[in-house]
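First the structure, in the form of structure tokens, and then the observations on it.
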Amino acid sequence: MAEKILMCPPLYFDIKYSINPWMNTDIRIDAKKAFEQWQNLKSILQDAGAEIKIIDPQEDVPDMVFTANAALIYKNKAIISRFKYKERKKEEKYFFDWFNENGYETLILPENISFEGAGDALYLNEKIFAGYVPRTDISAHTCISELLNIPVTSIELATNSFYHIDTCFCPLSGGYLIYYPQAFDSYGNKVIEANVPEEKRIKVTEEEASKFSCNAVNVGKTVVTNLTTERFTKELEKKGFFHIQTDLSEFIKSGGSAKCLTLKI
Ligand code: ARG
């Protein structure tokens, strides 16, 4: 069965506020370019074998295009995000309604806990690896573990720039992991090293991390990222993956890239 991915067209995408270090409200988005870049990503994922589902964009929420933050999905369950910042809180209702209408069992966390969905919770070897501090509270990790009955390993995000775990940590099929070690403290690195054998770890450089190379979408053996280095492509190929790069510069202005624009459902 084809892997299903939820995406939201960037019709109202813009930088209207700044809630992460990449966002600068003086920098404008080229709407036409953003739409083309988004369409290209969508076509690449379809060609790689994914089935793309669409949620309608809404005018008052310019970041809704980043569907990774809609929810955390496990089988038929969707734990809807509780956004940290009021600017994105309005998205919760739209995502809740979409999952309800599309046959998911929608689950919500207590109101005072922040949790930003698959942006901060990723599956690796039957476990969830979840980030905390910038956007997601560590208390959310216990809640999601109890709701889904899956072990959750908490990893602190040690920098402001890599504020969602999916900006610096990307599990791939076969137990491989792309990650940026400098986004974690020494304890976080120990946790990663204890869970993923050395030969399955693909470390990115500072340059690659800032090009959002960890923010990758993996469909089968294909790995899709923003434009990055030749070195990175070679590393992926050594592990048996096929790398496709596509320009996502307009979305980088908002602190997001390929993975943030998608949600596996
Ligand atoms: N501007 C968005 C925000 O700050 C970008 C979200 C990126 N999403 C992600 N899953 N890393 O919330």
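The values are calculated or read from the model by the stated rules, or taken from the named source; none is laboratory data. This is a predicted model, so every value here is computed, not measured. Note: ideal-geometry Cβ built from the backbone for every residue, glycine included; neighbour counts use all protein chains shown.
Among the residues of the stretch 165-181, those that are touching a helix residue (DSSP H, G or I) at 6+ places or on another chain (Cβ under 7 Å), more than 14 Å from the ligand (Cβ to nearest atom) and not in a helix (DSSP H, G or I) comprise Tyr176, Leu177, Tyr179. The set of residues in the stretch 109-164 that are in a loop (DSSP other than H, G, I, E, B), away from the ligand (no atom under 15 Å from the Cβ) and not β-branched (Val, Ile, Thr) comprises Leu109, Pro110, Glu111, Asn112, Asn125, Glu126, Asp137, Asn149, Pro151, Ala158.
Of all the criteria given as (1) among the aliphatic types (A, V, I, L, M); (2) away from the ligand (no atom under 16 Å from the Cβ); (3) within 23 Å of Tyr132 (Cβ to Cβ); (4) under 14 Å from the mean Cα position of the chain (by Cα), the one not satisfied by Val223 is (3). Determine whether Pro10 is buried (at least 21 other Cβ atoms within 10 Å of the Cβ), touching a residue at least 40 places away in the same chain (Cβ under 8 Å) and not in a helix (DSSP H, G or I). In short, yes.
Would it be correct to say that Ala140 is surrounded by 24 or more Cβ atoms within 10 Å (Cβ to Cβ) and either farther than 27 Å from Val223 by Cβ or modelled with pLDDT under 95 (or both)? So Ala140 fits the description; yes. Can you tell which of Glu156, Glu87, Glu146 is acidic (Asp, Glu), more than 19 Å from the chain's Cα centre (by Cα) and closer than 28 Å to Gly188 by Cβ? Residue meeting the stated conditions: Glu146.
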